[in-house]
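Accompanying notes for the structure given below.
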Amino acid sequence: MTTTDTTTSTDYAALVARLDLPTKVRLLTGATAFTLHGEESIGLSPMAFSDGPTGVRGLKFTGGEKVALVPNATLLASAWSEDTAREVGELLAEEAERQQIHVVLGPTINLHRSPLGGRLFEAYSEDPLLTGRLAAAYVNGLQDKGIGACLKHLVANESETLRNYMNSVVSERALREVYLLPFEIAVDEANAWSIMAAYNDVNGVAATEQDHVNNVVVKGEWGWDGLLMSDWYATKTSAPAALGGLGLVMPGPDGPWGEALVRDVESGAVPESVIDEHVCRLLRLADRVGALGGQREWPATSLAPDAPERRAQLRRLATDGMVVLRNEGDVLPLARDTTVALIGRHAVDTVCMGGGSATVNPPHQVSVAQGLSEALGDGVTVVDAVPVRALTLPARTDLVRDPESDEPGIRVEHIDAAGEVMLAVHSDDATVTTGWDDDLPRPTEVLRLRAVAAAGGQTRVGVSGTGSWVLRVDGDEVGSVVLTAEGADPGEAVLKPPQWTTDLDLAEGALVEAELTIVRSEPQPGPDGKVSTLSHAIASGMGMKGLLLEEVPRPLDEVLQDAAAAARDADVAVVVVGLTPEQEGEAADKSTLALPGEQDALVRAVAEAARRTVVVVNAATPVLMPWADEVDAILVVGLPGQEGGYAVADALLGVREPAGRLVTTWPAADGAAPAWDVEPTDLQLEYGDDTFVGYRGWHAGRAATPAFWLGAGEGYGAWEYADATLVEDTVEGDGPQTPRLRVSLSNTGPRPSREVVQVYFQPSEDDEPVRLVGWGAATVDPGEGTTVEVETDPRLWRRWDESANAWSTLQPGGELLVARGLGDIRARLPLA
Ligand code: BGC
């Protein structure tokens with residue numbers, strides 16, 4: 001272990017011995033949605049957990065404190081820099097300390113298997129080495145400041161469809177060599193203090209009950225001493241989960257353990273020593289984060305999420321990961337006297353984060369329009385074109401005012417069964433979570449959302465969330481609806497609530513009121529035929545509710561004409577396209593990589609009219625770009641966090657180099673990937689690509705040539721590779737051969753630039769895929785050369801031998817490839 005381990009010499013077993021069985025078991029289920037029980041008699045303070053991983057949201061799911069929103073995981077990973085990952089861990093630790101949070105629920109280190117995975121934006125890459133090393137650096141950044149990290153989700157949780165019920169069918173070899181590898185690296189190099197067990201089953205056994213993965217591999221073979229918690233509502237059983245290595249059920253206060261687990265111990269089904277072991281691990285975590293034997297001292301001062309230093313940092317981190325995929329005739333960076341037609345819905349409504357539990361409440365989200373207009377002033381003409389969302393958004397603050405306080409936003413009233421208003425609060429995101437840790441004295445029976453329309457005109461008004469709704473404008477009913485969850489996965493009802501809208505001609509100053517009567521029902525069995533704690537939670541009416549309000553979209557022809565006219569009048573057209581949390585969010589997957597709405601038509605209309613066209617892709621994961629050859633430049637900006645628009649302006653203008661390299665291969669067409677389907681058949685999802693995940697499969701010819709390979713990215717430099725030599729073939733003990741390389745290269749471009757030298761290994765065995773084995777980076781001035789040394793990782797020379805149930809070493813030989821992504825191989829080095 002190379003991390004600082006703050007474990008003290010406390011004898012946890014002695015503390016546990018002072019507790020009776022019910023007290024011990026009580027500690028093993030959360031106290032609330034995000035906190036744990038304390039136990040005064042042994043000096044245990046309650047711990048607080050928070051999502052993770054792109055900000056520290058705090059204890060509230062919606063409407064919490066303003067917190068820093070960092071760029072999303074793929075954008076950060078695109079810097080291919082452990083220093084960046086570590087810096088983000090440190091930043092999140094400061095955010096956690098500010099809110100008195102002990103454990104941050106991240107990093108997400110599942111892999112990008114099928115590009116359709118809805119949650120890939122939250123995870124780093126399709127490659128296990130890149131993922132594992134960045135995760136280790138992030139965890140060290142957090143934990144060196146005494147804040148716990150939580151690796152999630154263990155394991156084989158690469159898609160969202162039916163995630164609570166599906167079974168990932170994966171060979172032991174693929175598990176060991178690919179899907180467990182990032183966890184292994186983060187345990188080995190950073191000793192992550194906690195891990196989260198996934199929702200899904202793995203090879204027929206629930207992840208929360210996986211004796212093999214949890215006990216045998218992670219705790220046994222790797223010697224991991226941390227706390228294994230469940231994903232929220234993932235635990236389905238008492239004895240099998242406790243015996244299967246799970247140490248903590250989340251969330252609380254209810255769940256399948258409690259009295260049932262006490263009875264299991266009393267009946268002998270679960271040895272009490274198993275409970276003791278779980279409590280020891282919980283105490284060790286508490287000790288590490290300062291919640292055992294005295295209260296942790298939190299810093300008296302902290303950096304606000306909108307402090308100038310924080311803002312500059314977030315802006316820099318975002319630009320560093322942006323990827324230049326095309327730059328014909330060096331159209332980028334743009335000169336400051338360029339006139340720009342800035343076009344696209346994502347230009348004005350830039351998507352700065354993904355959806356689901358990674359969402360935070362940031363102080364602001366800077367759009368590209370704001371960032372570029374501030375930099376270029378009158379030189380920018382902004383055209384908002386075309387709709388990109390199928391669903392209507394919660395009312396934006398510029399469209400509504402609170403009828404009581406007159407602030408931008410809405411008023412929310414929680415009303416009990418007797419009609420008494422228990423809580424009336426202002427909300428600036430027009431969204432509320434009911435039935436989940438809301439600190440109310442009695443359950444909310446009626447929820448009233450009220451707003452004054454700040455602008456008049458054709459307006460789409462509506463509601464989202466399950467229950468029975470009535471919508472009124474100035475006291476007159478304009479509609480009513482009963483919304484129920486669609487789709488087989490009840491989790492979707494919570495994170496992707498159903499909605500209803502109507503188009504109205506709204507007068508400025510009109511009072512819009514949406515009243516929800518919570519509907520409670522009998523818990524329904526899930527697709528697995530079982531009634532789970534999640535079924536109970538959904539049936540209680542829990543979930544996100546919102547007041548929707550936005551402008552009615554203009555006719556497409558009109559919008560395209562405006563866009564083309566603006567493009568014609570400017571030196572350069574910059575079109576911002578992308579995805580939204582409808583595609584990049586939790587609890588559902590994509591069905592296509594095509595850009596939503598008429599965005600392809602928009603790019604084509606602009607490219608035809610403009611002198612030069614730059615496309616900015618505001619998405620974290622692959623999209624199809626059928627117009628790629630018709631435009632001059634393509635810049636991928638991910639989900640760039642709260643300072644997003646400034647970071648994009650910096651990249652476009654070359655204030656900082658967008659020096660990122662892709663972390664996932666981008667397919668050329670729907671279906672053209674080694675793994676595509678995310679829809680389980682009879683709840684089974686076969687990981688048929690086995691160890692040939694992503695670029696490994698593409699390189700083996702298992703899918704049509706991709707549009708862009710993992711590792712692709714131009715930056716603003718141009719690179720000549722002179723020489724690549726093997727420094728030595730080291731042999732670590734009895735372990736595998738791990739060569740070290742020296743690569744000489746020079747920057748032949750006109751600007752300083754950062755190059756990422758990637759080294760892949762193609763083993764000599766026919767059935768072995770190519771794999772990334774190391775990388776190095778250097779920033780080089782124009783006309784200068786440098787030498788980059790790359791160490792390769794011995795773990796990529798192992799092969800899991802299923803018949804021996806043990807690691808073996810690959811045969812000697814094979815070839816090292818020095819490449820700028822496998823589509824641009826610069827040197828080949830045969831190994832003896
Ligand atoms: C997610 C976890 C998250 C948890 C708590 C779940 O839906 O899968 O990643 O940490 O919720 O919000």
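Quick notes on this structure:
- Ranked by the mean number of other Cβ atoms within 10 Å per residue, highest first, peptides 157-164, 609-616, 138-145 order as 157-164, 138-145, 609-616.
- Taking Cα centre as origin and charging only the Cβ of basic (Lys, Arg, +1) and acidic (Asp, Glu, -1) residues, the dipole magnitude of region 400-551 rounds to 460 debye.
- Cα centroid separation - region 180-198 against region 440-499, whole Å: 41
- For the chain, the fraction of 1.4 Å probe accessible surface lying on carbon and sulfur atoms is 46 percent.
- Directionally averaged projected area (convex hull, Cα atoms, region 184-304), nm²: 9.7
- FRET efficiency for the pair V552 and D476, taken as 1/(1 + (r/R0)^6) with r the Cβ-Cβ distance and R0 = 22 Å, rounds to 0.65.
- Take every Cα pair under 8 Å whose residues are at least 6 apart in sequence, average their separation, divide by the length of the chain, and the relative contact order is 15 percent.
- Peptide ranges 405-414, 738-747 listed from the most packed, as the mean C-beta count within 10 angstrom indicates: 738-747, 405-414
- Whole-number D in µm² s⁻¹ for the chain, Kirkwood Cα-pair radius fed into Stokes-Einstein, 10 °C, 1.306 mPa s: 57
- The C-alpha radius of gyration of region 603-676, expressed as a fraction of 2.2 N^0.38 Å, stands at 1.22.
- Simple point charges give the picture: +1 on the Cβ of Lys and Arg, -1 on the Cβ of Asp and Glu, and for region 533-688 a dipole about the Cα centre of about 380 debye.
- FRET E, pair S171, E815, Förster distance 35 Å, beta-carbon r, rounded to 0.05: 0.90
- Quotient of Cα Rg and 2.2 N^0.38 Å for region 400-551, N being how many residues it contains: 1.06
- Semi-axes of the equivalent ellipsoid of region 699-832 are 30, 18, 11 Å, computed as sqrt(5λ) over the eigenvalues of the C-alpha gyration tensor in descending order.
- One way to sum up the overall shape of region 113-258 is the equivalent ellipsoid from its Cα gyration tensor, whose semi-axes run 21, 19, 15 Å, largest first.
- On the beta carbon distance between A13 and W298, with R0 = 35 Å, the FRET formula returns roughly 0.75.
- Overall, the chain carries a charge dipole of about 560 debye about its Cα centre when +1 sits on the Cβ of Lys and Arg and -1 on the Cβ of Asp and Glu, all other atoms neutral.
- Projected label points at V655 and W222, each 7 Å from Cα along the beta carbon direction, are separated by 4.0 nanometres.
- Evaluated on region 494-589, the Kirkwood hydrodynamic radius is 18.5 Å, with distances taken between all distinct Cα atoms.
- Alpha-carbon centroids, region 544-593 and region 397-438: separation in whole Å: 29
- Ranking K545, K219, K66 from most to least accessible surface, computed with a 1.4 Å probe over the protein chains only, gives K66, K219, K545.
- Spin-label pair R568-E630: with each label point 7 Å from Cα along the Cα-Cβ axis, the two points sit 1.7 nm from one another.
- Rg over Rh [alpha-carbon atoms, Kirkwood Rh] for region 12-288: 0.95
- Computed from label points 7 Å out along Cα-Cβ, the spacing between R702 and L423 is 4.8 nm.
- Here the gap between D378 and R740, fully extended at 0.36 nm per residue and compared with their Cα-Cα distance, gives a gain of 125.1 nm.
- Ligands, DNA and RNA are left out, and with a 1.4 angstrom probe the accessible area of the chain is 34 Å² per residue.
- Counted over all Cα-Cα pairs of region 759-831, pairs farther apart than 15 Å make up 61 percent.
- Euclidean distance of C-alpha centroids, region 104-135 and region 308-384, integer Å: 24
- The packing ranking, built from the mean of other Cβ atoms within 10 Å per residue, places the peptides 392-400, 450-458, 777-785 in the order 392-400, 450-458, 777-785, highest first.
- Area accessible to solvent at T466, 1.4 Å probe radius, in Å²: 30
- Listed residue pairs exceeding 20 Å between alpha carbons, taken from K60/K219; K152/K545; K24/K60; K496/K545: K60/K219; K152/K545; K24/K60
- Percent RCO, i.e. relative contact order, over region 688-832, from Cα pairs under 8 Å lying at least 6 residues apart: 24
- Considering only the chain, percent of DSSP beta bridges that pair antiparallel, nearest 5: 75
The values are calculated or read from the model by the stated rules, or taken from the named source; none is laboratory data. These numbers come from a predicted model, not from an experiment. With ideal geometry, Cβ positions are generated from the backbone for all residues, glycine too; neighbour counts draw on all protein chains shown. What goes into the accessible areas is simple: the full protein's heavy atoms, side chains included, and nothing from ligands, DNA or RNA. Shrake-Rupley method; radii C 1.70, N 1.55, O 1.52, S 1.80 Å.
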